[in-house]
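Single-structure report; data block below.
The values are calculated or read from the model by the stated rules, or taken from the named source; none is laboratory data. Note that the structure is a prediction, hence the values are computed from the model and not measured. Using ideal geometry, Cβ is built from the backbone for each residue, glycine included, and neighbour counts are taken over all protein chains shown.
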Amino acid sequence: MVSNAWCRTCKNRGPFLHACLGCVYFGCHKHIREHTKSQKHNFSLELSYGQLHCTACGDYVYDADIDAITMENKMNAAEFRKRLFECTSWDATEEERDLLSHKTKKICITPECTIGLRGLINLGATCFMNCILQALMHTPLLRDYFLTERHNCNNVQGACFVCEISKLYQEFYNGDTFPLALPCLLHLTWKHATHLAGYRQQDAHEFFIATLNILHNHCLDTMHKNNELLDRENGKCPCIIDKIYTGSLQSDVVCQKCK
């Protein structure tokens, strides 16, 4: 099984574990390349997302038949509540094709890279805001949500707190390293959470809760506009904020006499 596989060379279980399609060999991102090149095996499969790597091309390749097989396995896995693949096809627009033809440099976010590590300038006493934003910027599920431009907004430019958060993700992961100042985000924080207004030091947890509430309400409004209904069966909101941060607390009172 995939969950029990590890690199046959360094014994690590990831990240980006691959299976050679020419023999029975599992390897990490580094050692699978060495293996396929030395053994002259043409293809390897990335086990987390089902991406096919071509040794001759030195890159991942995409094919309609492979995508169909991936989707079939994904649907079969869902029947047994197992998520083997999270791979969907992408059809680029004409504008995106033109952009990709001029911007050929790829940025790959791996656990070892330093992309996304940026400082935030303290605007007086805003370390309570900066520390929470750093945590949000490095939450993988939330990062992927905003970097894939899932946020839709019809508000006036510069007036939406969520737009500023989305823009901040783009700034964090564009490869630059110089620190950022966030006066617009601070102003919108004061506007949406008036109890945090002012230049005095605030509680970081209060800012965290206020930020989650703003993000949640905006995502909820967007889903209603798209006619997406709440999951009424279990009472859970399907927005990205609730999926990541919402939990449940059970408290049991036990009688010491009858147990």
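List of remarks:
- Scanning the range 8-38 for residues that are more than 21 Å from Asn73 (Cβ to Cβ) and in contact with a Phe, Trp or Tyr (Cβ under 8 Å, 6 or more places away or on another chain) yields Arg8, Asn12, Cys28, His29, His35, Thr36.
- Assessment of the range 92-102 against the conditions (at pLDDT 80 or above, hydrophobic (A, V, I, L, M, F, W, C), in a loop (DSSP other than H, G, I, E, B) and not assigned by TED's automatic domain parsing to the domain that holds Cys239) yields no matching residue.
Condition check ((1) aliphatic (A, V, I, L, M); (2) within 15 Å of Ile132 (Cβ to Cβ)) across all residues:
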residue: Asp144; (1), (2): no, no
residue: Arg150; (1), (2): no, no
residue: Cys160; (1), (2): no, no
residue: Gln170; (1), (2): no, no
residue: Leu180; (1), (2): yes, yes
residue: Gly198; (1), (2): no, no
residue: Gln202; (1), (2): no, yes
residue: Glu206; (1), (2): no, yes
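- Each residue in the range 175-219 was checked for being loosely packed, with under 14 Cβ neighbours inside 10 Å, in a loop (DSSP other than H, G, I, E, B) and touching a residue at least 60 places away in the same chain (Cβ under 8 Å), and 9 pass.
- Some residue of the range 65-86 being modelled with pLDDT of 80 or more and of a type in the set (Ser, Thr, Tyr): no
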